[in-house]
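Bear in mind these aren't lab numbers, they're just calculated from the coordinates by the rules spelled out. If you're wondering where the values come from, they're calculated on a predicted model, not measured in any experiment. Cβ placement follows ideal geometry from the backbone for every residue including glycine, while neighbour counts extend to all protein chains displayed.
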Amino acid sequence: MSRVFVLNVLRKPLLLPFFQSRVPAGFPSPAEDHQGVKLDLNALLLSHPQATYLVQVEGHSMTGGESGIRDGALLAVDCRLTPRHDDIIIAVVEGQHTVKRLIQRGPDSWWLVPDNPAYPSIPLAGEPDLFDCWGVVTHVLTETRPGKLSRYVRVS
């Protein structure tokens, strides 16, 4: 299972310039010099600030899928959201924390499914006290230049 590190969140506004025009990921287009409003990252990432926390992922069970979750990624997790089919959640299974996709495979059949097919799915059948949901992942933050995140995020 992956280890989960809960991190402190600074909850005052963090305003950054936001360019409203989209950047093509295909062929380049002429640059637009239209800078839009300032975007508050806390408002974007923390819909329910008092019920949201950040965790850093360790492990590879979620790599290779649509989620974009890689080893070392930061996840914004909202505890007020009710988990539903296909949500990515932070779960505690038999006392171990993990991040997985919640999948319903039948009327009463729920599974924790990794994005990486090399890892097994976990059925959520049997004893209800062996599973707990600690929140729904709402955002994934990854770095494209390795090293910066670990310099600023301290895990004690």
Taking other Cβ within 10 Å of each residue's Cβ, how do Arg101, Arg84, Arg145, Arg70 sort, fewest first? Arg145, Arg84, Arg70, Arg101
Summed over the other residues with a beta carbon less than 13 angstrom from that of Leu112, with K and R at +1 and D and E at -1, the charge totals -2
Contour excess over end-to-end distance, with Cα ends at Ala43 and Arg105 and 0.36 nm allotted per residue: 18.9 nm
